[in-house]
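S.K.: I am attaching a structure below and will ask some questions about it afterwards.
Every number here is computed from the coordinates shown, using simple stated rules; none is lab data. Treat the numbers as computed from the prediction; the structure is a model and nothing was measured. Counting neighbours? That spans all protein chains shown, and the Cβs are built from the backbone with ideal geometry, glycine included.
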Amino acid sequence: MFKLAVALISLASLVTAQVPVWGQCGGIGYAGSTVCAAGNVCTEYSAYYSQCIPGSNSAPPPPPPPTTTVSSPSSSSGTGTAPTGLSSIPASTLFQFSNFGTNPNNVAMYVYKPKKVQSSPPLIVASHYCQGSAQAYYSGSKFAQLAETYGYVVIYPSSPHSGTCWDVSSDETLMHNGGSDSLSIANAARFAVSNWGVDPNRVFAVGTSSGAMMTSVLAGAYPDVFKAGIVDSGVAFGCFAVTGQPEDSWNSQCAEGQLILTGQQWAQKVTAAYPGYTGARPKMQVWHGTADTTLYPQNFYEEIKQWTTIFGYPSNPISNATESYLPGGYSNATYGPDFQAILAQGVGHTVPLYEQQYLQFLGIA
Ligand SMILES: *[C@@H]1O[C@H](CO)[C@@H](O)[C@H](O)[C@H]1NC(C)=O
Ligand SMILES: *[C@@H]1O[C@H](CO)[C@@H](O)[C@H](O)[C@H]1NC(C)=O
């Protein structure tokens, strides 16, 4: 089903000779036109996303350069004195690790440790998109590069399924300690806390597309492990649920934005994933493009209903503003300290990454 969707999207983009303003015009996996409509310039944001920006001089400035540096307590003067267990991991390279706990589907797990690690460092778990891999997300994003500045650790899981989507649909993956891919990823994060000295209060999840859906799954089913989630072009927790199908099934109803529920119904899916849990919920930031034809933009509004209900926030944002570091077509709707929803006008699947901004939301930068 997903392959069919991809084929249809590629076909549709062939007949579109010129990309309209704010539309996608390049990037890894992109098969459409690279020619922007008159008056626009194709501007690269990341390895897998270029966008048509009006004029030749109006491209937004790159995110501000990092201003903080890694604090250098005595425990971070070299690999030999890094937090317990981390010293066995080579620095500044993508390194595969195993034996991190129950791993039902044999999800391959990779870690990136920067040269200088904070004492009790934060952890970012970065989940890739369909057709992607740990390696592709590592090289196509700035999470590892920025770890060198800020001293956090990154885990990149790699999907074992054909087509490399994540299981975000099975009963097992949608249940706390229920099994499948989400359990493997949660176990890797737990392992990092108990063996690498990672700060349990600074374990975060981010992801793009299928990895964004996985991020919602981790936030919903493992609120005790993950303290924040950043969902780039995903869906609400539980939206992709399919019973009695292969684990990584595609859910067209959800993808096409036809699964429309109330905030209460969405929130119930989250609370049912971990019955009895009364602790804090991870703070969430969701990003979505209005021209997304893989995971339709209605999913953005369903996510808003879900998380505002979970946090007990009003359904209308406190503020909804443009941001100077984002293209003019972006709006940032803030509902409270723990939930923000950024809508990118005219942007398709997926919204480019704003890693530096994510680090601010996560309290790392
Ligand atoms: C924020 O404002 C933009 C532009 O007016 C609008 O398109 C978008 O739907 C608003 N966001 C939310 C979440 O209501
Ligand atoms: C959205 O707006 C809030 C409130 O001004 C701000 O704290 C936050 O950093 C903004 N988020 C993004 C992604 O720019």
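S.K.: What ranking of 148, 247 emerges when the number of other C-beta atoms within 10 Å of each C-beta is taken as an exposure proxy, fewest first?
M.R.: Values: 148 16, 247 21.
Ordered from fewest to most neighbouring Cβ atoms within 10 Å, 148, 247 come out as 148, 247.
S.K.: With point charges of +1 on the Cβ of Lys and Arg and -1 on the Cβ of Asp and Glu, referenced to the Cα centre of the stretch 79-221, which listed residue (183, 119, 157) lies farthest in the positive direction of the dipole?
M.R.: Sorting the options by dipole projection puts first 119.
S.K.: Give me a comma-separated list of calculated 3J(HN,Hα) values for the stretch 338-343, in order, Karplus coefficients 6.51, -1.76, 1.60 applied at θ = phi - 60°, integers in Hz, x for any Gly or Pro.
M.R.: Result, ordered by residue: 9, 8, 10, 10, 9, 9 Hz.
S.K.: Stokes-Einstein diffusion coefficient for the stretch 83-239 at 10 °C in a medium of 1.306 mPa s, Rh from the Kirkwood formula over Cα pairs: what value in µm²/s?
M.R.: Working: Rh = 15.0 Å.
For these conditions, the coefficient is 106 µm²/s.
S.K.: Right, here's the next one. Roughly how many whole Å is it from the C-alpha centroid of the stretch 169-247 to that of the stretch 84-139?
M.R.: 15
S.K.: Quick check for me: using +1 on Lys/Arg Cβ and -1 on Asp/Glu Cβ, what's the dipole size of the stretch 62-362 about its Cα centre, in debye to the nearest 20? Don't jump to the answer; show the numbers that get you there.
M.R.: On the way: 11 positive and 17 negative charges, 157 e Å.
Charge dipole, the stretch 62-362, about its Cα centre: 760 debye, nearest 20.
S.K.: List the GluC sites (Glu not before Pro) in the stretch 276-365 that DSSP assigns to loop (not H, G, I, E or B) and whose Cβ has at most 11 other Cβ atoms within 10 Å. Which are they?
M.R.: Numbers: sites: 302, 303, 323, 355; in loops: 323.
Listed in order of number, the matching sites amount to none.
S.K.: Setting aside same-chain residues fewer than 8 positions from residue 116, which aspartates and glutamates have a Cα under 12 Å from its Cα?
M.R.: Cross-link targets: 148.
S.K.: Give me a comma-separated list of calculated 3J(HN,Hα) values for the stretch 145-156, in order, Karplus coefficients 6.51, -1.76, 1.60 applied at θ = phi - 60°, integers in Hz, x for any Gly or Pro.
M.R.: 4, 6, 4, 5, 7, 9, x, 9, 10, 10, 10, 10
S.K.: Looking at this model, which pairs from 283/305; 142/269; 113/227; 227/305 are more than 22 angstrom apart at the alpha-carbon? All intermediate terms of the calculation are to be shown ahead of the outcome.
M.R.: Details: 283/305 14 Å; 142/269 33 Å; 113/227 20 Å; 227/305 20 Å.
Check vs 22 Å cut-off fails for 142/269.
S.K.: Amide H of residue 19: which non-local residues (sequence gap of 5 or more, or other chain) have their own amide H closer than 5 Å, using H built in the peptide plane?
M.R.: Here the answer is 35, 36, 37, since their amide H atoms fall under 5 Å of that of residue 19.
S.K.: While we're looking at this one, here's another question. Order 149-156, 33-40 from most to least packed using the mean count of other Cβ atoms within 10 Å. Could the numbers behind the result be given before it?
M.R.: Values: 149-156: 24.2, 33-40: 15.5.
Highest-to-lowest ranking by the protection proxy: 149-156, 33-40.
S.K.: Just rank 214, 175, 109, 284, fewest to most, by other beta-carbon atoms within 10 angstrom. Could you put the intermediate results ahead of the total?
M.R.: Values: 214 31, 175 19, 109 24, 284 28.
So the residues, fewest neighbours to most, are 175, 109, 284, 214.
S.K.: At residue 245 and residue 18, where each label point lies 7 Å from the Cα along Cα→Cβ, what is the point-to-point distance in nanometres?
M.R.: Spacing of the two 7 Å Cα→Cβ label points: 3.9 nm.
S.K.: If you add up the charges near residue 341, with Lys and Arg at +1 and Asp and Glu at -1, over every other residue whose beta carbon is less than 15 angstrom from its beta carbon, what do you get? Before the final figure, lay out the partial values.
M.R.: On the way: positive: 283, 305; negative: 232, 292, 302, 303, 323, 338.
Result for the neighbourhood of residue 341: -4.
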